[in-house]
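Worksheet: one structure, shown below.
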Amino acid sequence: MKIYSGKHFNKDVYILENDQLQVKVLKDFGAKVVSIYKKDLDFELLFQPSDKAYKEPNLGDDFEAYDRSGIDEMLPTIDSCFYPNSYKKLNDHGDLWTQKWDFEIREESLVSKVRCDSIKLDLERQITLDGDQVKFSYKLKNPTVQDHPYLWAFHALMTYSDQVEIDFGQDGEILNVIDGKPYDFDYRNLDEYPDKNVYKFYFVDEIADGNVDIYYKKEKLKVQMNFTTDINKYLGFWLTKGGLKGEYNFALEPASGYYDSLERAFKNNKFSKIASKEEKTWELTLTLRKEND
């Protein structure tokens, strides 16, 4: 495996590459993972910006006003809200997607670090390639003298295809968090969702087994997402079929709280808390495996 510098559209990136995968990470802001490319299938897993360019955001900006692509780290919330039991307003989709990160190449891994602006938590993310796997290792530290509730989520917008079928690894109750109405179609098959709309649901109960399989049937590709569930106990799903700015993409969103807003998660008593000087670690792996004919 090698790590080197390059370009993706109009921005500088770090590129991680082995004989099966090429992964690109923005240098300028957000440490956004902008590309996960499967070489033997000539397939891009991550949704690309509609404008084929990135413009640099400012802290507190509206997430939808920017590229809405790739993988961003959500901390300490997704939806803008008030920090629990306070009048402190938290930013839309958190802080980290707008912030500058520090980078370090550590052996065969790309390590990126940032301090969350709003509640002063330190996040370190290490990305490593291993064959057909992209491995994300996280370390969250609280350097302050206060305990902090927080919500982290993995916000990975993926390439849409009508021929995608998803095995969520569980069949528990789901909540449509947009309008509360039950779906009258099979939520596992993307072609069954009515067009020109947006969808989001969460599994109501905690996730016991953090394994999700995404089948790109036309490309004969299975994408396996595996995440540790001792901290990140909840799973959401997002899909736009032309309903948001005419775009088509979807996302599996492992999260540490239920759901989307730290304020709401706190009220639901389904949130994570990190104590003063505490350190938490977790893992997430994406495996891109060609299916046999």
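What strands (runs of 3 or more DSSP E) completely inside region 203-293 contain at least 3 residues that are charged (D, E, K, R)? I'd like the intermediate steps shown before the answer.
On the way: elements: 211-216, 221-227, 234-244, 247-255, 272-274, 279-290.
By residue number, 279-290.
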* To do: Check LEU252 against each of (1) surrounded by fewer than 16 Cβ atoms within 10 Å (Cβ to Cβ); (2) farther than 22 Å from ILE119 by Cβ; (3) of a type in the set (A, V, I, L, M) and name the one condition it does not meet.
  => (1)
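Give the residue that is nearest to the chain's Cα centre (by Cα), with candidates limited to residues of region 56-73 that are among the acidic types (Asp, Glu) and surrounded by fewer than 19 Cβ atoms within 10 Å (Cβ to Cβ). Step through it out loud before you land on a result.
So the first thing to find is which residues in region 56-73 are among the acidic types (Asp, Glu), and the list is 56, 61-62, 64, 67, 72-73.
Those left that are additionally surrounded by fewer than 19 Cβ atoms within 10 Å (Cβ to Cβ): 56, 61-62, 64.
Numbers: GLU56: 19, ASP61: 18, ASP62: 17, GLU64: 15 Å.
Step by step, filter region 56-73, then rank; the result is GLU64.
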* Does region 191-204 contain any residue that is closer than 23 Å to ARG289 by Cβ and not polar (S, T, N, Q)? -> yes
* State all residues of region 1-45 that are in contact (Cβ under 8 Å) with a residue 40 or more places away in the chain and more than 30 Å from LEU59 (Cα to Cα); if no residue qualifies, say none. => MET1, GLU17, ASN18, GLN20, LEU21, LYS38, ASP40, LEU41, PHE43
* From LEU252, LEU284, residue being within 20 Å of TYR138 (Cα to Cα) and out of contact with any Pro (no Cβ under 7 Å at 6 or more places or on another chain) -> LEU252
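Just to confirm my filter: which strands (runs of 3 or more DSSP E) fall fully inside region 96-141 and include at least 1 residues that are within 19 Å of ASN232 (Cα to Cα), hydroxyl-bearing (Ser, Thr, Tyr) and in contact with an Asp or Glu (Cβ under 8 Å, 6 or more places away or on another chain)? Write out each step before concluding.
Values: elements: 102-106, 109-115, 122-130, 133-141.
Once the strands (runs of 3 or more DSSP E) in region 96-141 are filtered for at least 1 residues that are within 19 Å of ASN232 (Cα to Cα), hydroxyl-bearing (Ser, Thr, Tyr) and in contact with an Asp or Glu (Cβ under 8 Å, 6 or more places away or on another chain), what remains is 133-141.
Where a number appears in this text, it was derived from the coordinates with a stated rule and is not lab data. All values derive from a computational prediction rather than experimental measurement. Don't worry about glycine lacking a Cβ; one is built from the backbone with ideal geometry, like all the others, and counts go over all protein chains shown.
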